[in-house]
Every structure is written in structure tokens, then in C-alpha cells.
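The values are calculated or read from the model by the stated rules, or taken from the named source; none is laboratory data. Everything numeric here is computed off the predicted structure, so don't read it as measured data. Cβ atoms come from the backbone with ideal geometry, glycine included; neighbour counts cover every protein chain shown.
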Amino acid sequence: MEDVINEAATMDGPRALASLVDSSGSIPMSERAKMLVAEGGQVTGTIGGGCLEAEIINCGRDVLASGRPHVTEYTMTEQQAGESGLNCGGTVRIYTERIDEVSGPPVFQRIIKAKADRSSCVLATIIAESEPTDYSRSRVLYYSDGTSSGSFGNTHFDDLVRTHIATVLIEEEALVVRVQPSAHEAVGMAAIGLAATSAASGVELFLEPFVPPPVLYIFGGGHVGAQICRLAKTVGFYVVIVDDRPAFANLDRHQDADECIVAPDIPQLFSTLPLDAQCYIVAASRGHQLDEVVIREAVQKPARYIGMLGSERKKIIMWKRIEAEVGGRERLEQVHAPIGFNIGADNPEEIAVSVLAELIDVRRGQKRKWKTKKPRTN
């Protein structure tokens with residue numbers, strides 16, 4: 001999706017923006033799938049491939065020509081999916097809208113800036129049946145602190161979005177909220193350019209989270225740490241290697257890392273690290289004593305994930321000492337130790353696979369059913 005956001009932020013002509021807004025069953029694309037279609041048919045991003053993508057490209061051309069948004073509902077059986085070049089069946093709902101150099105780049109530039117500043121935001125878009133006459137009131141960007149760039153011009157809508165911001169950002173999952181406006185609000189929505197029947201019968205708000213990459217701190221630049229670093233980078237983590245030895249904490253050794261920190265004093269480092277709920281910590285140092293220091297400091301911070309290499313016996317002994325020093329038994333019970341899924345991993349590369357599977361599970365897998373989204377009604 002990053003390529004779509006970057007293109008939308010810098011485009012110099014109109015594009016059709018297609019976004020997956022609802023899905024159920026097994027689907028052949030990311031839940032955050034997006035695609036841009038240019039007037040000449042050039043495509044950025046993907047909405048799933050195969051016949052579905054071909055249909056959305058044609059839809060995008062129609063939207064560019066007419067200016068009218070379009071909602072495509074597409075259902076496929078497993079047999080149809082295989083025959084048409086897709087890998088899955090299921091049902092998807094895709095919203096395609098026209099954006100141009102006036103309505104598109106400003107909001108997507110703000111999204112890019114927010115991510116660069118490690119700030120989270122939610123883009124709320126009205127799913128319309130007709131071309132809005134006022135694009136500034138059909139797409140609004142809300143920040144995690146409750147402020148916004150723009151407004152729907154409708155207090156009820158603005159307040160409703162704000163009630164969902166925290167959940168959407170924590171779960172990193174888009175949400176469709178159906179709203180039944182009052183007669184007075186329907187008049188206001190019609191002023192934006194929505195069809196009168198749509199404004200009167202109800203509208204939908206598509207809420208998309210945009211969060212900075214999760215930060216993974218790997219304490220230990222040895223063989224296991226290096227392999228975890230390599231895999232973590234490929235799945236979207238911002239990776240920081242930490243070691244007390246300069247030879248094991250440098251970008252020549254860890255070319256996939258975003259940062260390397262030489263830290264002879266772990267407690268001092270923890271006092272300066274900007275740890276938050278988007279941070280993950282892995283203790284994989286060369287010795288139990290260093291791992292114990294990392295865990296002792298980490299359990300006092302708001303990291304989303306803490307994991308440690310080692311045996312169950314090592315964990316039991318260590319936990320007793322840490323609890324005696326800083327307390328926090330409940331927090332210690334949340335530490336993933338031994339780290340990773342038990343897949344019988346036997347070498348650094350396999351251990352890294354087990355660890356990354358666990359990291360992804362914490363980030364994505366525990367909060368929703370596989371590839372299924374459902375709209376909420378308010």
C-alpha cells in the first residue's frame with residue numbers, strides 16, 4: 001500500500017482510487033488493499049489480481065470519465081477463483097472514487113508526514129453514490145490526539161469518528177461505520193454533493209488507520225539477533241539492534257537494520273528509549289545476566305511485546321529475581337518466554353521464523369478472524 005500512498009501524495013493528474021472496504025471469507029489480498037488507476041490505464045498497487053483486478057481497472061476508467069464514485073461487490077466461489085486466476089474465494093466490497101491533484105495529494109502528504117513523525121492517524125471517507133461537490137467535506141484526517149485536518153461540517157459525524165479512533169488504531173484494522181443521520185443532517189450531507197436519497201437513508205464512513213511501522217528492539221547482535229533482524233525488516237518492522245559490543249552493533253554487520261546502538265549500560269538506555277504500544281522487545285543477548293537486565297527494564301515500560309530466548313527453567317529462576325526487585329508478576333506473565341512458536345526450530349534461521357510468526361500473531365492475529373471484516377452500525 002505504501003506505493004499507492006506515495007503516488008497519491010505526488011500525482012500530477014486525476015486518478016481513480018480503489019479501496020477494499022469490506023470482506024468476508026477467504027480473500028486473495030491484504031485487508032488494506034488499494035489501487036490507483038490513471039487515465040491511460042496505468043496501475044499502482046493491487047486490489048487482488050486476476051479477473052477482479054481487471055474489473056476494477058475498468059471501473060476506475062469509468063469513474064475517471066464520469067466523476068461518480070462506485071461500489072463494487074464481488075463474490076467468488078473457490079472454483080471460480082481458481083479458474084479466473086485468483087487464489088481464494090470470498091466476498092469483497094471495493095469503493096472506487098476519483099481524486100485529483102487538488103483533492104488527493106494534501107491529505108496523503110499529511111499521512112506520510114504523520115508516519116515520519118511516528119504519529120498515528122485515521123482517514124475517514126464518506127462512501128458516496130454521487131460525486132461530492134465539496135471534496136474537503138468528504139474525506140477528513142483525524143489524529144490520535146483527537147484533532148483533525150478538516151471537518152465533515154457535521155458535528156455528529158466528527159464525534160462518531162472520534163469514538164472509534166482508539167480502537168481502529170490499536171487493532172490496525174479498517175472499519176465501516178453506518179450512520180443514520182437526522183433530517184437536518186441529511187440536508188447537510190446533501191450539501192456536500194451526496195444524492196438526496198443516500199443522505200436521507202443513511203451514509204457510510206470508511207475509517208482507515210495509518211500508523212508508523214512498529215519498532216523492534218533486538219537486544220543481542222549475534223547470529224539469532226541477526227536472523228530475526230533480517231526477517232523482521234521484510235515484514236515491515238523498524239529494526240534496532242542493541243549490543244554492548246561495537247563489533248556486534250553496527251550497520252556493516254546488520255545491513256537490514258534501521259539503527260544499531262552500542263549500549264554498555266542497559267538501564268540507562270531504557271531511560272531514554274521512546275517506548276510505546278507500537279514497540280516490541282526481544283532479549284537475545286549472549287548471556288542470561290544481560291537478558292535478565294533487559295527483561296527487568298522492559299516489564300516497567302509500555303511495550304506491546306516482550307520476548308526472551310532461553311529455557312523454561314531459565315525463565316522461572318529469572319522471574320523470581322525480577323519480581324523480588326521490581327514486582328509486576330502480572331506483567332512478567334505476559335512476557336513470551338521461551339520466545340517464538342514451538343515449531344522445533346534448530347538453528348538461528350528457524351528460530352527467527354518462529355519468533356517472527358509470534359510477533360505477527362501479536363500484531364495481527366489475535367484481534368480478528370482470518371481475512372474477515374464486518375461493518376458496524378451506529
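Data table
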read-out: Enumerated helices (runs of 4 or more DSSP H) restricted to segment 304-378, each holding at least 3 residues that are farther than 30 Å from residue 91 by Cβ and modelled with pLDDT under 95; value: 312-326, 329-333
read-out: Residue list for segment 313-354, filter: more than 22 Å from residue 289 (Cβ to Cβ) and in contact with a Ser or Thr (Cβ under 7 Å, 6 or more places away or on another chain); value: 341, 343, 345
read-out: Failed condition for residue 274, given (1) under 16 Å from residue 362 (Cα atoms); (2) in a loop (DSSP other than H, G, I, E, B); (3) not acidic (Asp, Glu); value: (1)
read-out: Selection within segment 205-234 - on the phi < 0 side of the Ramachandran plot, at pLDDT 95 or above and in a loop (DSSP other than H, G, I, E, B); value: 221, 222
read-out: Tally of residues being in contact with a Lys or Arg (Cβ under 6 Å, 6 or more places away or on another chain) and modelled with pLDDT of 90 or more across segment 119-176; value: 3
read-out: Scope segment 1-47; condition within 18 Å of the chain's Cα centre (by Cα) and in a loop (DSSP other than H, G, I, E, B); matching residues; value: 1, 27, 28, 29, 30, 31, 32, 33, 47
read-out: Candidates 257, 247, filtered to the one that is of a type outside the set (Val, Ile, Thr), in the same structural domain as residue 335 (by TED's automatic domain parsing) and in a helix (DSSP H, G or I); value: 247
read-out: Candidates 352, 324, 345, 337, filtered to the one that is touching a strand residue (DSSP E or B) at 6+ places or on another chain (Cβ under 8 Å) and in the same structural domain as residue 297 (by TED's automatic domain parsing); value: 337
read-out: In segment 154-168, the residues that are buried (at least 17 other Cβ atoms within 10 Å of the Cβ) and in contact with a Gly (Cβ under 8 Å, 6 or more places away or on another chain); value: 154, 165
read-out: Breaking point among (1) more than 22 Å from the chain's Cα centre (by Cα); (2) buried (at least 17 other Cβ atoms within 10 Å of the Cβ); (3) small (Gly, Ala, Ser), for residue 311; value: (2)
read-out: Test: residue in segment 326-336 that is crowded, with 16+ Cβ neighbours inside 10 Å and farther than 21 Å from residue 267 by Cβ; value: yes
read-out: Residue in segment 146-179 that is farthest from residue 124 (Cα to Cα), counting only those that are among the charged types (D, E, K, R) and touching a residue at least 40 places away in the same chain (Cβ under 8 Å); value: 171
read-out: Pairs where the first residue, in segment 350-369, is among the polar types (S, T, N, Q) and the second is buried (at least 19 other Cβ atoms within 10 Å of the Cβ) and at pLDDT 85 or above, C-beta under 6 Å, 6+ apart; value: 354/340
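Conditions tested, residue by residue: (1) surrounded by 15 or more Cβ atoms within 10 Å (Cβ to Cβ); (2) at pLDDT below 95; (3) farther than 20 Å from residue 208 by Cα.
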| position | (1), (2), (3) |
| --- | --- |
| 27 | yes, yes, no |
| 33 | yes, yes, no |
| 36 | yes, no, no |
| 50 | yes, yes, yes |
| 70 | yes, yes, no |
| 90 | yes, yes, yes |
| 97 | yes, yes, no |
| 110 | yes, no, no |
| 115 | yes, yes, no |
